[in-house]
Amino acid sequence: MIKLEKEVINVKRLIELIVNGMSYEIAVDTHRTLLEVLRDNLGFTGTKNGCDQGECGSCTVLIDGRAVHSCLTLAMDAQGKNIETIEGLSEGEKLHPIQQSFVDHGAIQCGFCTPGMIMSSKGLLDKNPSPTEDEIKRGISGNLCRCTGYVKIVDAIKAVEGR
Amino acid sequence: MGFSVIGKSLPRKDDPLRATGKAKFTADFFLPGMLYGKILRSPYPHARILNIDTTKAERLSGVKKVVTGKDTLGIKFGVTGFIPPSFDEYALAIEKVRYIGDEVAAVAAISEEIAEEALDLIEVEYEQLPAVFDPIEAMKPGAPEIHDLEHVKNNISLYVDRNFGDVEKAFKDADYVREDEFYCQPVDHAPMEAHVSLADYDVSGKLTLWTSTQSPYYVHKHLERTLGLKESQIRVIKPYTGGGFGDRAGGMSACEFCAALLSIKTGRPVRISYTREEETSTSPRRHPMKVYLKSGVKKDGTLLASHYKLFADTGAYNNYGCVSINIPIEAMTVTYRVPSVRYEGYLVYTNTQPSGAMRGHAHNQPSFALDTQLDLIAEELGIDPIDIRIKNARQEYETSCSKIIVGSCGFTRCLEQSRDLSDWNNRKKKQKQGRGIGVGTMSFASGAAFNFFGAPSGYSAATVRLLDDGTVTVLTGASDIGQGSDGTLSMIAAEELGVSMNDIRIISADTELTPVDYGSYSSRVTMFAGNAVKSAASDAKMQLFETVAKKLEANIEDLEAKDRRIYVKGSIEKGMSFAEAICETMAANKMMPVIGKGNYNPHVQFNMLTGEGNCTPAYSFASYVAEVEVDKETGVVKVPYLVAAHDCGRAINPTRVEGQLEGSVQMGLGHALMEELVMDKGLVLNSSFLDYKFPTALEMPSIKSVVVEAPDPHGPFGAKESGEGTTIPVVPSIGNAIYDAIGVRLKEMPFTPEKILKALEEKEKRT
Ligand code: FES
Ligand code: FES
């Protein structure tokens, strides 16, 4: 006889998430964060978990164009909104200009902070295509990087083509 | 020198994967049937375990397994197997816990929440024991005994007393002698990716472990020993890893062991991810140290003698400690030409989080003391701080009083460059109120030639496979943890073979596939793995040369590999394409694959008994000048500008070297001004990023980095280390600049606003 093991222990709700222009209908526990759902349910593992507490910016995604910490956002609250993750930026082999600039300027060391950093940069540049150095630093000040000292990241953002 | 690839700032081939989120880190793997593990940790700093009852936890629906020390073989591990005393730690506690966070049990369940809930249901009966948190207290007679080990008295795990030269006489000969006391705080590595391990033990009895490590081979070896498996039963894979800085160079973590054990016990894949709190408060930190330094000089500033006493708090376990207490000799005797040094080092157990290796390993602390004291001496003698350093600066190919043969050395040039580019002479004269500049320096080993497991050396091996389309596969056990070794090693292979970096595919760090390399620690990768890859590439190239020489009826010595061709030097048309040469070589050898083998095993002689001799073939050097702005009202220090001049032998990839410098400045800045693990009776109070702050983009100075090249004959294409020693000069340069700005001397790190205000107040009282 097969002994069934039940994994469902919390209340689930059927929600619709629009990620990178695709609509996903999924049943999620009401207390799940957007970060968990993106990574564990939808397989968008490009978005990273560095602290799970809203302190490091590794989990940054854009919701309706605004950079947010997905570890502090409930999946339920992102329903119907336009969610952009790092996976949505490139087209095939062609990198988004911000991604290309990060590669070209040596702005990537371990790469763990990179997806969040790039999403914050995109949020910034979409609103303000020619930020000053100070505005760039402010724009990424919620994103921690332990490897680069941010110098090459700031250079990369400054040099994004067609911004 | 006519390089094709070396010296170019090329991105790694897989950087686009990192930029697009496609690079898979350990936490990005989801295996069918995967369970989630959690570790139960001791709430007490020191206690005896009387009983552990796991029944309730096991009954919780969704829990698959609970393990405790009883489920293990009870084999101790650590980092250093070759210096007694060494292994002193159980992956899961047996009988005793020795710090808040010590691992007591582990659970595997169908979700992280259930595993977490199960931890609460494990009933542990403890008998609390008196605890001690300060190394000086721990050494006093009657202090609680943390380890019941024969060689450990008064909690001193290791004491070294080294004497180089005639120290007593030198102090007598000195015109000026001074003594100072310094303190370096505990800090966290804080890699952005916390420890994470995924273990999969299959029905054939094979254990595969994906883990965020700097040293997959050490993990492999430790798993073998502590789990009682055969070498061939284990495969350790290092996927993309989010930084390290020494945090995961320590052989094996409880994260790795527990994931493996739980997978063996359940027959299912098990992943354990540390929370940020666990990462900060239980994985190794930098050794907090008290440093006493007495130095004697002549009137003209010539250093005659130093006497160091170091009290290093190793926490509850040795981890790297037995190495840490031996290697400061390099910092004490290599950077400056001091003819006599006495060094007494105490490695002391306390009931706190264990300490380990961290970027600049055990050099930052004595260097902070020396660089600060040199400024104090210079002031007393009326000598400029940079002049006194140039006067005593190490020169190339000298032998230190500790019998270290120093190789290439561009230290004086570093000092001069940092002086000139910072406009030192002018700024020293006319500084604005509250502004100041200061200098800090270092020398650092390009990799320790030790193997911490007792093998004869810390060698590195590599293989290079040439494919018939002219592309190349490099297999190396070196771990790219962000520093960029995959790129550096690809460039070295490309240069040696005369192909483009794009032709190189690198497979790194999989103990089933890649040749042995002990990992990314002691800043060894460019020197060790770099030389191994270079020699493997050269071996493969020679095989091609043999075929080509026969075909062309030319001498092997006259051939050259360049621009994807092999040809007779000087006449590019007399030759064939690289791909053709590979096909011809295979055809000439019954279609045998063309594989080059290489290794690097430097002949260095370190005397364990006296502490004399080299641990490494070459040293890097640096001099930084920092400018600070101190607000006397608030005590807040800002660092607007910093010049970093670094002799890394040769910059294989200048952008990467700059990246290492910039990252080091950021880390050093954090250590100088804001970072400290704050503890109350062994409990880490600031284990989140909210409370443990390190610099964001806003705090960063504008950095002028200068690469001073002093190519070393031992280094691949002359390269030495870059990236570890580079943290060392930051703190003293800032400390010295603060003194220059406001006239207060801080000997305790970090230089927080409170300490600055207090020092200013005291200064006021004195005058
Ligand atoms: S993981 Fe969301 S801010 Fe750190
Ligand atoms: S590149 Fe490693 S954390 Fe930013």
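Can you find even one residue in segment A:71-84 that is more than 7 Å from chain B (Cβ to nearest Cβ), farther than 19 Å from residue A:57 by Cα and in contact with a helix residue (DSSP H, G or I) (Cβ under 6 Å, 6 or more places away or on another chain)? No, the conditions are met nowhere in segment A:71-84. Given the structure, is residue A:60 surrounded by fewer than 23 Cβ atoms within 10 Å (Cβ to Cβ), of a type in the set (Ser, Thr, Tyr) and within 11 Å of ligand 1 (Cβ to nearest atom)? No, not satisfied. Filter segment A:142-160 down to the residues that are part of a helix (DSSP H, G or I) and not aliphatic (A, V, I, L, M), then identify the one that is nearest to ligand 1 (Cβ to nearest atom). Among those residues, the one meeting the criterion is A:152.
Of the strands (runs of 3 or more DSSP E) lying entirely inside segment B:226-317, none contains at least 2 residues that are surrounded by 24 or more Cβ atoms within 10 Å (Cβ to Cβ), away from ligand 2 (no atom under 16 Å from the Cβ) and of a type in the set (Phe, Trp, Tyr). Does segment A:93-107 contain any residue that is within 16 Å of ligand 1 (Cβ to nearest atom) and either at pLDDT below 95 or touching a Lys or Arg at 6+ places or on another chain (Cβ under 9 Å) (or both)? No. Screening residue B:27 against (1) at the interface with chain A (Cβ under 8 Å from one of its Cβ atoms); (2) surrounded by 19 or more Cβ atoms within 10 Å (Cβ to Cβ); (3) touching a helix residue (DSSP H, G or I) at 6+ places or on another chain (Cβ under 6 Å) leaves a single unmet condition, (3). Exactly one residue among B:221, B:238 is under 23 Å from the mean Cα position of the chain (by Cα), closer than 28 Å to residue B:345 by Cβ, of a type in the set (D, E, K, R) and not assigned by TED's automatic domain parsing to the domain that holds residue B:379, and that residue is B:221. Put simply, of A:112, A:102 the only residue that is of a type outside the set (Lys, Arg) and either in a helix (DSSP H, G or I) or farther than 29 Å from residue B:688 by Cβ (or both) is A:102.
Every condition in (1) among the hydrophobic types (A, V, I, L, M, F, W, C); (2) in contact (Cβ under 8 Å) with a residue 60 or more places away in the chain; (3) over 25 Å from residue B:696 (Cα atoms) is met by residue A:98 except one, and the failing one is (3). If you check B:6, B:75, B:39 for being more than 14 Å from chain A (Cβ to nearest Cβ), in contact with a helix residue (DSSP H, G or I) (Cβ under 7 Å, 6 or more places away or on another chain) and within 30 Å of residue B:716 (Cβ to Cβ), only one passes: B:6.
Residues in segment B:166-220 that are within 14 Å of chain A (Cβ to nearest Cβ) and in contact with a strand residue (DSSP E or B) (Cβ under 8 Å, 6 or more places away or on another chain): B:187, B:188, B:189, B:193, B:194, B:195, B:196, B:198, B:210, B:212, B:213. The lone criterion from (1) closer than 18 Å to residue A:103 by Cα; (2) within 14 Å of ligand 2 (Cβ to nearest atom); (3) not in a helix (DSSP H, G or I) left unmet by residue A:117 is number (3). With respect to the conditions (1) under 30 Å from residue B:240 (Cβ atoms); (2) away from ligand 2 (no atom under 16 Å from the Cβ), residue B:195 falls short on a single one, namely (2).
Name the residue, out of A:82, A:128, that is in contact with a strand residue (DSSP E or B) (Cβ under 9 Å, 6 or more places away or on another chain) and more than 16 Å from ligand 1 (Cβ to nearest atom). Of the residues listed, the single one that is in contact with a strand residue (DSSP E or B) (Cβ under 9 Å, 6 or more places away or on another chain) and more than 16 Å from ligand 1 (Cβ to nearest atom) is A:82.
Figure legend. Inter-residue proximity from segment A:144-163: first residues closer than 13 Å to residue A:124 by Cα, second residues more than 14 Å from ligand 2 (Cβ to nearest atom) and among the charged types (D, E, K, R), beta-carbon distance below 9 Å, spacing 6+ or different chains. Indicated pairs: A:154/A:133; A:154/A:137; A:157/A:163; A:158/A:133.
Scanning segment B:191-206 for residues being outside any loop (DSSP other than H, G, I, E, B) and either within 16 Å of ligand 1 (Cβ to nearest atom) or not hydrophobic (A, V, I, L, M, F, W, C) (or both) gives a total of 4.
Selection of segment A:69-79 for residues being more than 9 Å from ligand 1 (Cβ to nearest atom) and surrounded by 22 or more Cβ atoms within 10 Å (Cβ to Cβ) yields A:75, A:78. For segment A:48-60, the criterion of being within 9 Å of the chain's Cα centre (by Cα), away from ligand 2 (no atom under 16 Å from the Cβ) and within 14 Å of another protein chain (Cβ to nearest Cβ) is met by none of the residues. Within segment B:653-669, is even one residue within 27 Å of residue B:754 (Cα to Cα), of a type outside the set (D, E, K, R), in contact (Cβ under 8 Å) with a residue 24 or more places away in the chain and within 16 Å of ligand 1 (Cβ to nearest atom)? The answer is no; no qualifying residue exists.
Looking only at residues of segment A:22-47 that are hydroxyl-bearing (Ser, Thr, Tyr) and in a strand (DSSP E or B), we find that the one that is nearest to the other protein chains (Cβ to nearest Cβ) is A:33.
The values are calculated or read from the model by the stated rules, or taken from the named source; none is laboratory data. Since we're looking at a predicted model, the values are computed, not measured. When we count neighbours, we look across all protein chains shown, and the Cβ atoms used for this are built from the backbone with ideal geometry, even at glycine.
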